[in-house]
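Please read the structure below before turning to the comments.
The values are calculated or read from the model by the stated rules, or taken from the named source; none is laboratory data. Model, not experiment: these values are computed from the prediction. Quick reminder, even Gly has a Cβ in these numbers, built from the backbone with ideal geometry, and neighbours come from all protein chains shown. Just so you know, the surface numbers come from the protein's heavy atoms only, side chains and all, with ligands and any DNA or RNA stripped out. Shrake-Rupley method; radii C 1.70, N 1.55, O 1.52, S 1.80 Å.
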Amino acid sequence: MRVKIGDLVFGPEEKRAINELMDNSTISEGAKCKEFESKFADFIGTERCVVACNGTATLMLVMYALRYHSAYKLRGGEKVITTPLTYIATSNAIVTAGYEPVYVDINLDDFSISTDQIKAYMEGVDDADQHRAMMPVHLMGYPCDMDEINKIAGRHNMAVVEDSAEAHGSLYKGRRTGSMGLAGSFSFYIAHNIQAGEFGAITTNDAELAGICKRMKGNGRLCYCTVPDIEQGKCPHQNMGFHPRYLHDVIGFNFKAMEYQPAIALLQLNVVNDILSKRRENVEYLNDALSTLDGVLQLPTRTDGISFLGYPMLITDKSFSRDKVSGQLMKAGIENRPIFNCIPTQQPAYAFLKKKYEGKLPNAEFVGNNGLYVGCHQYLKQEELDHIADALKSILLK
Ligand SMILES: Cc1ncc(COP(=O)(O)O)c(C=O)c1O
């Protein structure tokens, strides 16, 4: 038996949606992307949504947009507080936008950035005004403590960018992740809860930020009028002495999406609540089945309102090696992955920060060495869930 960490099943609806695009020769960003933006903003509870080609691109757009936003006007070199335990795209977006990532440690129970650690850090620095943004990550679907994060950010005029790539629909005090900061960033990568292969979205209530991101994803293009509108002289930028489609007011990227991506994602958005509750049910089933491993494994500590990316576990009994357990699970046909690692001390690309952070992020390092997750997706069958539980018990029960 092979138990996959994630799965994607294309049915007749997906095939019809893709065929329609090809039949109409509408493949580059257009009506489907717009429809997704409107429906996803409604789902998350924000006024606006801007899609892009993937979730790394959306993070980069928001971070870079802070240079042009009138409330922030970053210039490069400023500090951005973030979590050390995440997929590397979070840090990469900070660094490629020209800022310095500052890592504070996480909570072990839900892998979220520790607001106590952020406060302690901010109290100890003498350049508080250089810290201009925070990027919390709702890792594995667990929401960070957004009230505290927003309070700290408010005191220091920091932009809060929620990396919600792994948390489509997670709730924090009744609000969806991605709706509580200046902006949220989502990824619809193949293994996520809404899957499109590659696809990303920015959610925000800030019209200025949405406008900058929208222009920036098209190399800073000023004009998004339709060709007929331009030809009929309706474009507001037509008198600037140049064809409006080739006028650019910010420096940007080509991070536009294709219509195939929202065509697939929209079908899942229609049934997202079913997807999330099936995943939660699977997590609860595994929690019950594995309760005898208390003291050896830390299981998901809470399930209410959480949109689980996978079934996360922490091996707390030091006599077991995570890598060995991972290998034994693979031998039993159960795909698994580490819960990422501590970026500045365990990630080769960030080796230049190793000395600075060594020994300072014990929780993130502990998860980096002892965390792993298996699938909890909606396509798992009963016998596959039982196989996960039986395999873990036979590996870990002494
Ligand atoms: C926390 C986090 N941030 C960002 C990303 C980047 O998203 P993408 O793979 O769509 O570029 C991911 C992807 O898995 C992620 O898990």
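Scan the stretch 135-146 and give yes if some residue there is part of a loop (DSSP other than H, G, I, E, B) and more than 16 Å from the ligand (Cβ to nearest atom), otherwise no.
Yes: the stretch 135-146 contains one or more residues that are part of a loop (DSSP other than H, G, I, E, B) and more than 16 Å from the ligand (Cβ to nearest atom).
Looking at the stretch 187-209, which of its residues are in contact with a Cys (Cβ under 9 Å, 6 or more places away or on another chain) and open to solvent by less than 10 Å² (accessible area, probe 1.4 Å)?
Hits for the stretch 187-209 are Phe199, Gly200, Ala201, Ile202, Thr203, Thr204.
Among the numbered conditions (1) surrounded by 15 or more Cβ atoms within 10 Å (Cβ to Cβ); (2) away from the ligand (no atom under 16 Å from the Cβ), tell me where Thr56 comes up short.
Thr56 satisfies every listed condition except (2).
Does Tyr68 qualify as being modelled with pLDDT of 95 or more, more than 17 Å from the chain's Cα centre (by Cα) and either in the same structural domain as Gly197 (by TED's automatic domain parsing) or within 12 Å of the ligand (Cβ to nearest atom) (or both)?
Here the answer is yes, as Tyr68 does meet what is asked.
Here is a yes/no grid of residues against (1) farther than 18 Å from Ile106 by Cβ; (2) open to solvent by less than 50 Å² (accessible area, probe 1.4 Å); (3) at pLDDT below 95:
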site	(1), (2), (3)
Lys119	no, no, no
Met135	no, yes, no
His138	no, yes, no
Asp145	no, no, no
Ile152	no, yes, no
Arg155	yes, no, no
Val160	no, yes, no
Ala165	no, yes, no
Arg176	yes, no, no
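With Asp126, Asp110 as the choices, which residue is in contact with a Lys or Arg (Cβ under 8 Å, 6 or more places away or on another chain), assigned to a loop (DSSP other than H, G, I, E, B) and surrounded by fewer than 22 Cβ atoms within 10 Å (Cβ to Cβ)?
Asp110
Quick one: is Ala167 closer than 29 Å to Phe253 by Cα and not in a loop (DSSP other than H, G, I, E, B)?
So Ala167 does not fit the description; no.
Let me confirm something: among Ile27, Ile18, Ile88, which residue is open to solvent by 10 Å² or more (accessible area, probe 1.4 Å) and either within 13 Å of the ligand (Cβ to nearest atom) or in the same structural domain as Asp386 (by TED's automatic domain parsing) (or both)?
Residue meeting the stated conditions: Ile88.
Of these, Val95, Val62, Val125, which one is within 14 Å of the ligand (Cβ to nearest atom) and without any contact (Cβ under 8 Å) to a residue 24 or more places away in the chain?
On the way: Val62 fails: without any contact (Cβ under 8 Å) to a residue 24 or more places away in the chain; Val125 fails: within 14 Å of the ligand (Cβ to nearest atom).
From the options Val95, Val62, Val125, the qualifying one is Val95.
Select from the stretch 271-303 the residues that are assigned to a loop (DSSP other than H, G, I, E, B) and in contact with a strand residue (DSSP E or B) (Cβ under 8 Å, 6 or more places away or on another chain) and write down the one among them that is surrounded by the fewest Cβ atoms within 10 Å (Cβ to Cβ).
Leu299
Quick one: count up the residues across the stretch 358-376 that are part of a loop (DSSP other than H, G, I, E, B) and hydrophobic (A, V, I, L, M, F, W, C).
Residues that pass the stated criteria total 2.
So which of Gly76, Gly45 ends up being open to solvent by 10 Å² or more (accessible area, probe 1.4 Å) and in contact with a Gly (Cβ under 8 Å, 6 or more places away or on another chain)?
Answer to the check: Gly76.
Let me spell it out: the conditions are (1) within 24 Å of Gly220 (Cα to Cα); (2) touching a Phe, Trp or Tyr at 6+ places or on another chain (Cβ under 7 Å), and His69 meets all of them except one. Which number is the exception?
(2)
Of these, Ser307, Ser319, which one is within 16 Å of the ligand (Cβ to nearest atom) and either in contact with an Asp or Glu (Cβ under 9 Å, 6 or more places away or on another chain) or in a loop (DSSP other than H, G, I, E, B) (or both)?
So the residue among Ser307, Ser319 that is within 16 Å of the ligand (Cβ to nearest atom) and either in contact with an Asp or Glu (Cβ under 9 Å, 6 or more places away or on another chain) or in a loop (DSSP other than H, G, I, E, B) (or both) is Ser307.
Which condition number in (1) open to solvent by 20 Å² or more (accessible area, probe 1.4 Å); (2) closer than 20 Å to Gly200 by Cα; (3) touching a residue at least 24 places away in the same chain (Cβ under 8 Å) is the one that Ser38 fails?
(3)
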